[in-house]
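Colleague: This is the structure I want to talk about, given as structure tokens.
The values are calculated or read from the model by the stated rules, or taken from the named source; none is laboratory data. Quantities reported herein were computed from a predicted structural model and do not represent experimental measurements. Because the Cβ atoms are built from the backbone with ideal geometry, glycine has one as well, and the counts that use them run over all protein chains shown. SASA here: full protein model, heavy atoms, side chains in, ligands and nucleic acids out. Shrake-Rupley method; radii C 1.70, N 1.55, O 1.52, S 1.80 Å.
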Amino acid sequence: MAVISMKTNDDKRVELEIQVSAEDFGKAVDAVFKKNVKKIQVPGFRRGKAPRKMIEKMYGEGVFYEEAVNNTYPAAYEAAVEEKALEPVDHPEIEITEIGKDGYTFKALVTVKPEVTLGEYKGLAVEKKEVVVSDDEVNAELDRELQKNARIVPVEGRTAQNDDTATIDFEGFVDGVAFEGGKGESYPLVLGSNTFIPGFEGQVVGHSIGDAFDVNVTFPEEYHAEELKGKAAVFKCTLKELKMKELPTLDDEFAKDVSEFDTLEELKADIRSKILARKQDEAQTEVEDKLMELVAQNMTVDVPECMYETRITDLIREFEYRLRSQGLNLQTYLQYSGNDMETFRATYRDQAVTQVRTRLALEKIVEQEKLEATQEEMDVEFEKLGKAYGMTADKVKEILPAKEVIGGITMNKALDLIRDSAVITEVKAQEEQKKPARKPRAKKKTEEETAEVPTEE
């Protein structure tokens, strides 16, 4: 392989002209001939026994050229990129310009990582919110614990209310005709959860076990089933069973049951400290985001559109992976959310732009500050990754290129440098209006306390 020329075009893409020698190309053509000769039939010869010259005479001298080129140009391109120290950010456009027994020449048009000119990135000024934990936040967490440990008990002597689980049979009709997917038997529906069509659950409220009744609703215009969009429907329903949550008493015994603590006050203190740690992490992340936004604003760079598109694709793949872990797929998600792929990609645009520009800035700071990763830091990172993925550090080293680990470590150092040099002013949280803190619900409310006027969503 030899790089004949290299130039930057007006669109800032780099054009490489690369030559593959007669020797290397000849070896590739020989390999293709040996691979395919048994498939070629030439009159007067048994299959697989025809000489190469006879095949080339019959089918043309270049009969094996295309496959030989496809087998050799990727390595030639990679070698040229390495020789010229280029950093491609997209797949190249390849054009064969000359080919024959003496080898071949091709042009590779490639988009490379853009040049970044940094502005100010040290001594930046940002504000940081004071982190406080309110009694309401602690009580909300206690409330969640109460809900997790609630008993489900049958309802006796009253009608259905929000938060009850109503077991119903139902069948839906549009214009008097039952529609597909509109029937269910012994279906458990949590009233007030808004999991059914808007207006449905509110019409179950107030009925007693054994009641047969109609529920009248209109399907939303954005409903996923085309034939039901905007249609009025009647559901014939029967309420078969009612159950409700019975919350435990919020006391020291509850604290012992759900934690390692002996008293409710100790449990509250632990909850408060965990909320505080989480909010401090969030505040720190917010500060770093603000700093990187300023760094990105201060730098000068012309980012190729393909870098944004590639990052959007990566983000969608990550989202699709999470969907699959839940037994779903992207196509179904798009159908039910009423999106097409183009619209869905657009939702990731801002995130992709921020991430690409942030990475370019950090990489340039690493270069400018000559930041490096020590062997000890790399070993620690491989150990951490091994624990996260349930494998040994040595196995991670086999799978993950060291270059990626080094990049992660050095970019974190660049972020540390920006943050440590910044002028961070803490902004006091506004004092809450003096009012009694909301307390978590205890055991269960009386019927009068829980009664609500049903409203349609």
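Colleague: When you check ARG144 against the structure, is it within 29 Å of LYS245 (Cα to Cα), free of Cβ contacts under 8 Å to residues at least 40 places away in the same chain and surrounded by fewer than 17 Cβ atoms within 10 Å (Cβ to Cβ), yes or no? Show your work before the answer.
Modeller: Values: within 29 Å of LYS245 (Cα to Cα): yes; free of Cβ contacts under 8 Å to residues at least 40 places away in the same chain: yes; surrounded by fewer than 17 Cβ atoms within 10 Å (Cβ to Cβ): yes.
Considered against the rule, which asks whether it is within 29 Å of LYS245 (Cα to Cα), free of Cβ contacts under 8 Å to residues at least 40 places away in the same chain and surrounded by fewer than 17 Cβ atoms within 10 Å (Cβ to Cβ), ARG144 comes out as yes.
Colleague: Follow-up question, since we're still on this one. For the range 213-229, give me the residue count where each residue is under 38 Å from the mean Cα position of the chain (by Cα) and open to solvent by 50 Å² or more (accessible area, probe 1.4 Å). Working first, answer last.
Modeller: So the first thing to find is which residues in the range 213-229 are under 38 Å from the mean Cα position of the chain (by Cα), and the list is 217-229.
With open to solvent by 50 Å² or more (accessible area, probe 1.4 Å) added as a condition, the list becomes 218, 221-224, 226-227, 229.
Summing the residues that are under 38 Å from the mean Cα position of the chain (by Cα) and open to solvent by 50 Å² or more (accessible area, probe 1.4 Å) in the range 213-229 gives 8.
Colleague: Within the range 230-252, restricting attention to residues that are farther than 30 Å from LEU267 by Cα and exposed (fewer than 13 other Cβ atoms within 10 Å of the Cβ), which residue is nearest to the chain's Cα centre (by Cα)?
Modeller: Residue satisfying both the conditions and the ranking: GLY230.
Colleague: Output the residue which, of all residues in the range 346-396 that are open to solvent by less than 40 Å² (accessible area, probe 1.4 Å) and of a type outside the set (A, V, I, L, M, F, W, C), is nearest to the chain's Cα centre (by Cα).
Modeller: Among residues in the range 346-396 that are open to solvent by less than 40 Å² (accessible area, probe 1.4 Å) and of a type outside the set (A, V, I, L, M, F, W, C), the one nearest to the chain's Cα centre (by Cα) is TYR348.
Colleague: Has the range 69-76 got any residue that is polar (S, T, N, Q), open to solvent by 90 Å² or more (accessible area, probe 1.4 Å) and either modelled with pLDDT under 95 or in a helix (DSSP H, G or I) (or both)? Break it down stepwise before answering.
Modeller: Just the residues of the range 69-76 that are polar (S, T, N, Q), to begin with: 70-72.
Filter again for open to solvent by 90 Å² or more (accessible area, probe 1.4 Å), leaving 71.
Applying the additional criterion that residues be either modelled with pLDDT under 95 or in a helix (DSSP H, G or I) (or both) yields 71.
So far as the range 69-76 goes, yes, one or more of its residues are polar (S, T, N, Q), open to solvent by 90 Å² or more (accessible area, probe 1.4 Å) and either modelled with pLDDT under 95 or in a helix (DSSP H, G or I) (or both).
Colleague: In addition: In the range 188-212, what residues are open to solvent by 20 Å² or more (accessible area, probe 1.4 Å) and either of a type in the set (D, E, K, R) or more than 33 Å from the chain's Cα centre (by Cα) (or both)? It would help to see each step written out before you state the result.
Modeller: If we filter the range 188-212 for residues that are open to solvent by 20 Å² or more (accessible area, probe 1.4 Å), which is where we start, we get 188, 190, 192-198, 202-203, 205-212.
Those that are open to solvent by 20 Å² or more (accessible area, probe 1.4 Å) and either of a type in the set (D, E, K, R) or more than 33 Å from the chain's Cα centre (by Cα) (or both): GLY202, GLN203, VAL205, GLY206, HIS207, SER208, ILE209, GLY210, ASP211, ALA212.
Colleague: Moving on. For the range 294-326, give me each residue that is open to solvent by 70 Å² or more (accessible area, probe 1.4 Å) and not in a helix (DSSP H, G or I).
Modeller: THR300, ASP302, GLN326
Colleague: Scan the range 397-432 for residues that are polar (S, T, N, Q) and exposed (fewer than 12 other Cβ atoms within 10 Å of the Cβ) and jot them down. Can you show your working first?
Modeller: Our first condition is that a residue be polar (S, T, N, Q); within the range 397-432, this holds for 410, 412, 421, 425, 430.
Answer for the range 397-432, where residues must be polar (S, T, N, Q) and exposed (fewer than 12 other Cβ atoms within 10 Å of the Cβ): THR425, GLN430.
Colleague: Let me ask something else. Mind telling me which of the residues LEU315, LEU330, LEU362 ends up being out of contact with any Phe, Trp or Tyr (no Cβ under 8 Å at 6 or more places or on another chain) and under 27 Å from VAL89 (Cα atoms)?
Modeller: Working: LEU315 fails: out of contact with any Phe, Trp or Tyr (no Cβ under 8 Å at 6 or more places or on another chain); LEU330 fails: out of contact with any Phe, Trp or Tyr (no Cβ under 8 Å at 6 or more places or on another chain).
Just a single option satisfies the conditions, and that option is LEU362.
Colleague: The conditions are (1) in contact with a helix residue (DSSP H, G or I) (Cβ under 9 Å, 6 or more places away or on another chain); (2) farther than 24 Å from LYS231 by Cβ, and GLY182 fails exactly one of them. Which is it?
Modeller: (2)
Colleague: Follow-up. Criterion first (in contact (Cβ under 8 Å) with a residue 60 or more places away in the chain and either under 26 Å from VAL112 (Cα atoms) or not aliphatic (A, V, I, L, M) (or both)) does GLU309 satisfy it?
Modeller: The answer is no for GLU309.
Colleague: Pairs only if they're at least six apart or on different chains, beta carbon under 9 angstrom, first in the range 12-31 and at positive phi, second hydroxyl-bearing (Ser, Thr, Tyr) and surrounded by 14 or more Cβ atoms within 10 Å (Cβ to Cβ); list them, first residue then second.
Modeller: LYS12/THR111
Colleague: Residue by residue through the range 100-112, note down the ones that are modelled with pLDDT of 95 or more and open to solvent by 40 Å² or more (accessible area, probe 1.4 Å).
Modeller: LYS107
Colleague: Any idea which residue in the range 36-57 is least open to solvent (accessible area, probe 1.4 Å), counting only those that are part of a helix (DSSP H, G or I) and free of Cβ contacts under 8 Å to residues at least 12 places away in the same chain? Steps first, answer last, please.
Modeller: Here is the first cut: in the range 36-57, the residues part of a helix (DSSP H, G or I) are 36-39, 52-57.
Cutting the leftovers down to free of Cβ contacts under 8 Å to residues at least 12 places away in the same chain gives us 38-39, 53, 56-57.
Numbers: LYS38: 152, LYS39: 136, LYS53: 169, GLU56: 35, LYS57: 170 Å².
Once the filter is applied, the top-ranked residue is GLU56.
Colleague: Name the single residue that is farthest from the chain's Cα centre (by Cα) among those in the range 156-173 being open to solvent by 20 Å² or more (accessible area, probe 1.4 Å) and not polar (S, T, N, Q).
Modeller: Top of the filtered list is GLY157.
Colleague: Follow-up question, since we're still on this one. Could you say which residue among PHE33, PHE25 is under 22 Å from GLU83 (Cα atoms) and surrounded by 11 or more Cβ atoms within 10 Å (Cβ to Cβ)? Talk me through it step by step, then tell me what you get.
Modeller: Working: PHE33 fails: under 22 Å from GLU83 (Cα atoms).
That would be PHE25, the only listed residue that is under 22 Å from GLU83 (Cα atoms) and surrounded by 11 or more Cβ atoms within 10 Å (Cβ to Cβ).
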